[in-house]
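Peer 1: Input: one structure, supplied below.
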Amino acid sequence: MVSTSKKILQDLLELTRENLNAVESLKNQPIRLLNWKQDTTSWSVLECIEHLNRFGDFYIPEMTTKIETSVHKSSGVFKSNWLGKYFSKSVSYQEKLNKMKTFKPMNPLNSTLDIQTLEKFIDHQHQIIELLDKSKHVDLDKTKTTITISKLIKLRLGDTFRVVIYHNERHIKQAEKTLKMAKMSTK
């Protein structure tokens, strides 16, 4: 996939704003609904968001460092490679979601969570918006980041943004679906 850096960053900015707005609206929900679970193995709304916070805790500092230390100026073009396409596709939202196993440190199951979980996510989204802006000046292909599953695997910055933001969308949709079920079951 080849596109202009400007176009990919704009698309990701719009999706980040949608994610941000969706989680902002969750703040209006009663805490009992945000902590409701369909069963003992499924995540509550807050657990979905906490999962994203744990990824944000890794990726935001990683991307910040790589953007600030990059010596590669923007080429104006972004070309995803096979690895970036694979990771982006595997974490992106689809109507019929493919279940994925979550690594233990990233699994928030049975965590004690409150409204601060949403606040942290919102803060992360503001940081991502800043990073998207700062990354206009670096090469999205040549600037690379490590990933959570292995420090040996590096993704292009453009792909890292896609993975993080698509992954956010996926679990926000999961949270919204969980909220809908919580409302129906507590009527």
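Peer 1: Kindly indicate whether Gln116 is more than 30 Å from Thr186 (Cβ to Cβ), out of contact with any Asp or Glu (no Cβ under 7 Å at 6 or more places or on another chain), free of Cβ contacts under 8 Å to residues at least 40 places away in the same chain and outside any loop (DSSP other than H, G, I, E, B).
Peer 2: On the way: more than 30 Å from Thr186 (Cβ to Cβ): no; out of contact with any Asp or Glu (no Cβ under 7 Å at 6 or more places or on another chain): yes; free of Cβ contacts under 8 Å to residues at least 40 places away in the same chain: yes; outside any loop (DSSP other than H, G, I, E, B): yes.
In short, no.
Peer 1: Now for a separate question. Taking only region 55-86 into account, find how many residues are free of Cβ contacts under 8 Å to residues at least 60 places away in the same chain and within 14 Å of Asp141 (Cβ to Cβ).
Peer 2: 2
Residue-wise test of (1) among the hydroxyl-bearing types (Ser, Thr, Tyr); (2) closer than 20 Å to Leu9 by Cβ.
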| residue | (1), (2) |
| --- | --- |
| Phe58 | no, no |
| Lys66 | no, yes |
| Phe87 | no, yes |
| Thr117 | yes, no |
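Peer 1: Give the residue, chosen from Glu18, Glu14, Glu47, that is assigned to a helix (DSSP H, G or I), modelled with pLDDT of 95 or more and over 14 Å from Ile165 (Cα atoms). Before the answer, list the steps.
Peer 2: Values: Glu18 fails: over 14 Å from Ile165 (Cα atoms); Glu14 fails: over 14 Å from Ile165 (Cα atoms).
Going through Glu18, Glu14, Glu47 in turn, just one is assigned to a helix (DSSP H, G or I), modelled with pLDDT of 95 or more and over 14 Å from Ile165 (Cα atoms): Glu47.
Peer 1: Is there a residue being within 30 Å of Lys134 (Cα to Cα), surrounded by 13 or more Cβ atoms within 10 Å (Cβ to Cβ) and under 13 Å from the mean Cα position of the chain (by Cα) anywhere in region 23-38?
Peer 2: From region 23-38, those within 30 Å of Lys134 (Cα to Cα) are 23-27; that's our starting set.
Next cut, surrounded by 13 or more Cβ atoms within 10 Å (Cβ to Cβ) only: 23-24, 26.
Checking the rest, the ones that are also under 13 Å from the mean Cα position of the chain (by Cα) come to 23.
Yes, the conditions are met somewhere in region 23-38.
Peer 1: Output the number of the condition that Asp114 fails; it satisfies all remaining conditions of (1) surrounded by 13 or more Cβ atoms within 10 Å (Cβ to Cβ); (2) closer than 13 Å to Asn53 by Cβ; (3) among the acidic types (Asp, Glu).
Peer 2: The one condition Asp114 does not meet is (1).
Peer 1: Okay, moving on. (1) surrounded by fewer than 19 Cβ atoms within 10 Å (Cβ to Cβ); (2) farther than 28 Å from Pro30 by Cβ: which one isn't true of His126, the others all being true?
Peer 2: Every listed condition holds for His126 apart from (2).
Peer 1: Quick test of your reading of the structure: Ser75 fulfils all but one of (1) surrounded by fewer than 16 Cβ atoms within 10 Å (Cβ to Cβ); (2) assigned to a helix (DSSP H, G or I). Name the failing condition by number.
Peer 2: (2)
Peer 1: Does at least one position in region 156-166 carry a residue that is crowded, with 16+ Cβ neighbours inside 10 Å, within 12 Å of the chain's Cα centre (by Cα) and either modelled with pLDDT under 95 or closer than 24 Å to Asp39 by Cβ (or both)?
Peer 2: No; the residues of region 156-166 include none that is crowded, with 16+ Cβ neighbours inside 10 Å, within 12 Å of the chain's Cα centre (by Cα) and either modelled with pLDDT under 95 or closer than 24 Å to Asp39 by Cβ (or both).
Peer 1: Then there's this: So, in region 24-40, how many residues would count as being β-branched (Val, Ile, Thr) and farther than 18 Å from Lys120 by Cα?
Peer 2: First, pick out the residues of region 24-40 that are β-branched (Val, Ile, Thr): 31, 40.
With farther than 18 Å from Lys120 by Cα added as a condition, the list becomes 40.
So the count comes out to 1.
Peer 1: I need the full set of residues from region 58-72 which are surrounded by 16 or more Cβ atoms within 10 Å (Cβ to Cβ) and in a loop (DSSP other than H, G, I, E, B), in order please.
Peer 2: Ser70, the sole residue that qualifies.
Peer 1: Would you point out the residue of region 119-172, among those that are part of a helix (DSSP H, G or I) and among the hydroxyl-bearing types (Ser, Thr, Tyr), that is farthest from Phe55 (Cα to Cα)? Before you say what the answer is, go through the steps one by one.
Peer 2: Filtering region 119-172 for residues part of a helix (DSSP H, G or I) gives 119-137, 157-172.
Remaining after also requiring among the hydroxyl-bearing types (Ser, Thr, Tyr): 135, 160, 166.
Details: Ser135: 19, Thr160: 12, Tyr166: 12 Å.
Among those that are part of a helix (DSSP H, G or I) and among the hydroxyl-bearing types (Ser, Thr, Tyr), it is Ser135.
Peer 1: From Lys89, Lys101, which residue is outside any helix (DSSP H, G or I), within 17 Å of the chain's Cα centre (by Cα) and either free of Cβ contacts under 8 Å to residues at least 24 places away in the same chain or within 22 Å of Lys173 (Cβ to Cβ) (or both)?
Peer 2: Within the list Lys89, Lys101, the selection yields Lys101.
Peer 1: Out of Thr178, Thr148, report the one residue that is surrounded by fewer than 20 Cβ atoms within 10 Å (Cβ to Cβ) and touching a residue at least 24 places away in the same chain (Cβ under 8 Å).
Peer 2: Thr148 is the lone residue from the list that is surrounded by fewer than 20 Cβ atoms within 10 Å (Cβ to Cβ) and touching a residue at least 24 places away in the same chain (Cβ under 8 Å).
The values are calculated or read from the model by the stated rules, or taken from the named source; none is laboratory data. No experiment lies behind these values; they were computed from the predicted model shown. Counting neighbours? That spans all protein chains shown, and the Cβs are built from the backbone with ideal geometry, glycine included.
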